[in-house]
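Values quoted throughout were computed directly from the atomic coordinates according to the rules given, and no laboratory measurement underlies them. The shown structure was predicted, so the numbers you read here are calculated from the model rather than taken from an experiment. Here Cβ is always computed from backbone atoms with ideal geometry, including for glycine, and neighbour counts include all displayed protein chains.
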Amino acid sequence: MVNTGTIIYEPGSSANNKTGSWRVFKPILDKEKCVMCENCYIFCPEGCIQEKNGKFEIDYDYCKGCLICERECPVKAIKAEREEK
Ligand code: SF4
Ligand code: SF4
């Protein structure tokens, strides 16, 4: 039997596939340090960084821990912590 992995059969259904369980490292966003440059929002491949009430927040249901946001933040407002399971 072939393992179908993460193939998406229904167009537009990827929001149902929560990728947060893949994480080894968890990005933590310090809202006090954040200068709202939008780099993390633009570069996040999961589209899971959203602005809420004038601050950016990470939706951990979909963050897969790639840490691109940490690398792209110009003021080091995002730090990686090892995920607790
Ligand atoms: S770690 Fe990756 S998936 Fe998670 S918020 Fe940062 S860029 Fe997005
Ligand atoms: S990249 Fe850093 S400074 Fe820019 S919006 Fe994201 S957390 Fe804030």
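Miscellaneous remarks
- Candidate lysines for bridging to Lys18, where Cα separation is under 18 Å - those fewer than 8 sequence places away on the same chain excluded: Lys26, Lys64, Lys85
- Taking a straight line from the alpha carbon of Lys33, these aspartates and glutamates sit under 20 Å away, with near neighbours fewer than eight places off in the same chain left out: Glu51, Glu57, Asp59, Glu70, Glu72, Glu81.
- Calculated P(r) tail over 21 Å for the chain, as whole % of Cα pairs: 34
- Calculated from backbone phi, Karplus (6.51, -1.76, 1.60) coupling profile of region 13-20 in Hz, x at Gly/Pro: 9, 5, 5, 7, 9, 6, 9, x
- Relative contact order (%) - criterion: Cα under 8 Å, at least six apart; region: the chain: 39
- For Lys31, the lysines whose Cα falls under 18 Å of its own Cα, not counting residues fewer than eight places away in the same chain, are Lys52, Lys55, Lys76, Lys79.
- The dipole here belongs to region 27-80: it is taken about the Cα centre, uses +1 on the Cβ of Lys and Arg and -1 on the Cβ of Asp and Glu, and is about 200 debye.
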